1. I'd like the full set of residues that are within 18 Å of the chain's Cα centre (by Cα) and part of a helix (DSSP H, G or I), limited to the range 285-302.
2. Being basic (K, R), buried (at least 16 other Cβ atoms within 10 Å of the Cβ) and at pLDDT 95 or above narrows it down to one residue among R594, R624, R607, R636; which is it?
3. Given the structure, is A838 under 23 Å from the mean Cα position of the chain (by Cα), in the same structural domain as S792 (by TED's automatic domain parsing) and touching a residue at least 40 places away in the same chain (Cβ under 8 Å)?
4. Within the group T709, T642, which residue is under 27 Å from I897 (Cα atoms), among the β-branched types (V, I, T) and crowded, with 21+ Cβ neighbours inside 10 Å?
5. Quick one: in the range 157-194, which of the residues that are of a type in the set (V, I, T) and over 30 Å from C374 (Cα atoms) is nearest to the chain's Cα centre (by Cα)?
6. Those residues that are free of Cβ contacts under 8 Å to residues at least 12 places away in the same chain and either surrounded by 16 or more Cβ atoms within 10 Å (Cβ to Cβ) or within 22 Å of the chain's Cα centre (by Cα) (or both), I need them from the range 251-281; list them, please.
7. List the residue pairs whose Cβ atoms are under 7 Å apart, where the first residue sits in the range 422-437 and is outside the structural domain of L395 (by TED's automatic domain parsing), the second is of a type in the set (D, E) and at pLDDT 95 or above, and the two are 6 or more positions apart or on different chains.
8. Any residue at all in the range 335-353 that's charged (D, E, K, R) and in contact with a Leu (Cβ under 9 Å, 6 or more places away or on another chain)?
Amino acid sequence: MPNSTDPALLPHPALAVALDGIWVADANGTHRLERAEAVRLLTGTPAIFVNAPVVAAKLGYGELNGFDLLELFAFARPAQFAVPTGAGLATAIGEQVADEGPKAADMLRRIAARLLAEMEANEYAARPGAWDTAQALSRSNWAWAPLVLKALGVQAKPERSLFTSLPKWEDTAAPQTPRTITLDRDDVARRLRRLTGPGAEERQGQRDFAAAVTRAFDPRQVEGAPNMVLAEAGTGIGKTLGYLAPASAWAEQAGGTVWLSTYTKALQRQLDAETARLYPDPALRRKKAVVRKGRENYLCLLNLEDAVQGSFSGRAGIYARLVERWARYTSGGDMIGGDLPGWLAGLFGRAAQTALTDRRGECVYAACPHYRRCFIERATRASADADLVIANHALVMVNAARGKSEGRGLTRIVFDEGHHLFDAADSTFALDLTGSEAIEMRRWIIGPEKKMKGRRRGLTARLGDLVAFEEAGSALLDDAVEAARCLPADGWLKRVGEGAPHGAIEVLLAEVRQAVLARSKPNEAGYGLETEIAELPPTLVEAAGTAMQALEQMAIPLRKLSARLVALLEEAPDWLDAPGRARVDGALSGMEWRMSILSGWIGLLARIGGPPDADFVDWMALDRHDGREFDMGLRRHWLDPTKPLAGVVLEPAHGVVVTSATLRGKVLDPGAPADADWQTSEMRTGANHLPLPAQRFQAESPFDYARNTRVVIVTDVQRGNIPALAGAYRCLIEAAGGGTLGLFTAISRLKAVHARIAGPLAAARLPLHAQHVDPIDAGTLVDMFRADPRASLLGTDALRDGVDVPGESLRLVILEGVPWARPTVLHAARRAAFGGKAYDDLITGGRLAQAFGRLIRRATDRGVFVLLGAAVPTRLTQVFPPGCDVIRTDLATAREIVAAQSGREVHSDVTKISGDADASARYPGLR
């Protein structure tokens, strides 16, 4: 495309929805549009814009078609990051950023021209695969295809397809058992100094932390009793490098693998980046430090092949081709939190993304034509020989529960974000017998309904040829398929709702629904409902017994099938080669997992009508969204989920580190023992179930919270008053000039506040993003928030615990009220078991501490934490750092404090804060 660097030659106008209005730029210049004019333009003229769902939402328009710059960026720079805004794209490609509306519209044309010019250049690094993918996208009517094909020029010779060009993984010898060593503490200290770098400030707290953590890598002395270290390291200690030093030293000297486990994807990415200090050479780093996630996170090449060959059409087909383009350049094939831009799936609908991963356990392993190039298999094998495996709590627990050691085993584990261990174990070891879970079991056994698209395969399709050599095996397959017809089929939700269930499990679900509705309150009609399993009607008990018998009959042929597959591996006929063994292993793993779920369901149903099991909390639930039912059934959670955590994960390990900035749950009872905080952390991490006590370590944060932060409790905003709540958020955000993280305990209140303040804040040139409102995933919203110091972000629990935004972009945190735990059946049972009111305070105090922790991420940060609540108990304020001012005041005064702490002009007399002339001395931030 000649002179493609000249934006004036682009044939399409660019439309920017800015804070100061809607602007369009074309060859004739730039001018402003009203909303109706912008809609007319977009319906009649294909235009260039950024992020179609967001633009459509702002214009109140439906599905938007045209030239989305995000799609062009994803094609031109596969596997590269950019914040999904005009400014973010400009920054990513080195283009000058323009904030004002007229200049922002023209900037979009310059971005498009520059990306096209990159593809035109002979030295274009991402040229391999570009021509073929662009041709395919042209057949799918991708708007950018003609311009992209012109820029690329005619391809001189055909290229290998993605499915033959990806590298193959190679089998390696089984890893050796780690050697028994004791780390030299001086060696660890020297390694820590090397990691922090020459000239770095030496932090005694970090050195002490590394020394304490090193104990977990000593040889284990008692079977079932790991060397367990509970280490609380306040923000700023530098705990990541503190545990990387001994972990990497032990892995290197012992020839073992250390699993570094996180709760959030953000910390997983941060950990991955920090390993560059250990292994500066990228090739060595890929071998030594491997990121591992569950199978459902990775691109499935067989699903992708089906998609690009026709199972995806329209916009979904375009998405599949852009993913194909990315797959050629990705570092690991991780679609969720990896190098696939988080915003890409949002442009096309997240259903398309989930269809390209293996979320239903339908992998055929060695029978797949792409098995030797599979991203999942490559990651699994890479982790077998790695020194460090960066995983998440759920994967570590699931692997341990299924007996998957993956190479050198789970002998040494570091759980960062350890305050989440209780919740992670609660989710991992829970059991649900619901309609959605049961229909997935049916599809796994029987296969898809006739009207369903895709390659969902039943047991017969996956295992038939493995047992076809004998009549008995084929008969067992037939028996399993027939028995599974007791499970819900498509349309089950409608049949149950209409009182016409079909099959034993649907009958049970209908009885559960009726019982829950009978016990619900009228004001709960629009929300999810639940009730205890107690004093049940006879019809429900009878339905549970019938369902249990049906599941037991289904389990019989599955157990026999599993035994035949085990025998097949043990006897190893001549035709069973290495790929065949891998396929049988994979099939067995899937069957064992499904059979464990089936056994759990049978055990849960056996409890119906009988005495409760003291280890479990069981209840009935009817799930709803906006008043519409979408699932129902029985749920079972461990009363204390750290029991299975200790038995399955901790006891087999030789050394375990659990660390966090808020590891110790703050016990607020003044009469509690001196080490009550530590006892709480031992209870919440499973340490109290081990035969030997855990070692304790604590290092306070080096940050000067007393000087750099304020905690303000606003006493004159009523929680249930939405106009007052919205007014409070607006005036505080304006006082701070943006840079605000607003946290809510209910999505409905978040949406209501957003609807009231988005317009006024836009008029004040303050961008506002919102989880559950903007059609963007939470991680991308945080990226957008971090990139603009004037932006603010509203969110719920996920943002309270997973946001790391240092600097000016986050200088105010607002919490809409005390985050008390919801009064659920599960919480009531744990409250009764773990201390009543003290347990409520423990959970709530932990949430407050985590929310406050978002505010100060480095020593130079300053900010204000505002809690809206007229009756915040004084005892809860103990969770804030020592010496940190806690000020109870009205909204007007809170606004002055926020403005002063943010360095903005104060328009009223500061002495009004406390009613005395001493106010400016009491609150140094107001000087």
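1. Restricting attention to the range 285-302, the residues satisfying the condition of being within 18 Å of the chain's Cα centre (by Cα) are 291-299.
Hits for the range 285-302 are R295, E296, N297.
2. On the way: R594 fails: at pLDDT 95 or above; R624 fails: at pLDDT 95 or above; R607 fails: at pLDDT 95 or above.
Only one candidate passes the filter, namely R636.
3. Working: under 23 Å from the mean Cα position of the chain (by Cα): no; in the same structural domain as S792 (by TED's automatic domain parsing): yes; touching a residue at least 40 places away in the same chain (Cβ under 8 Å): yes.
No: the conditions fail for A838.
4. On the way: T642 fails: under 27 Å from I897 (Cα atoms).
Answer to the selection: T709.
5. Taking the range 157-194 first, the residues of a type in the set (V, I, T) are 164, 172, 177, 180-182, 188.
Among the residues that remain, those that are also over 30 Å from C374 (Cα atoms) are: 180-182, 188.
Numbers: T180: 36, I181: 36, T182: 36, V188: 33 Å.
Only one residue tops the list, namely V188.
6. First, pick out the residues of the range 251-281 that are free of Cβ contacts under 8 Å to residues at least 12 places away in the same chain: 273, 276, 279-281.
Listed by number, the residues that qualify are A273, Y279.
7. Hits for this filter: T434/D631; G435/D631; S436/D631.
8. Keep residues of the range 335-353 that are charged (D, E, K, R), which gives 339, 350.
After this cut, where a residue has to be in contact with a Leu (Cβ under 9 Å, 6 or more places away or on another chain) as well, the list is none.
Within the range 335-353 (the criterion being charged (D, E, K, R) and in contact with a Leu (Cβ under 9 Å, 6 or more places away or on another chain)), the answer is no, since none of the residues qualifies.
The values are calculated or read from the model by the stated rules, or taken from the named source; none is laboratory data. Source: prediction; values computed, not measured. Don't worry about glycine lacking a Cβ; one is built from the backbone with ideal geometry, like all the others, and counts go over all protein chains shown.
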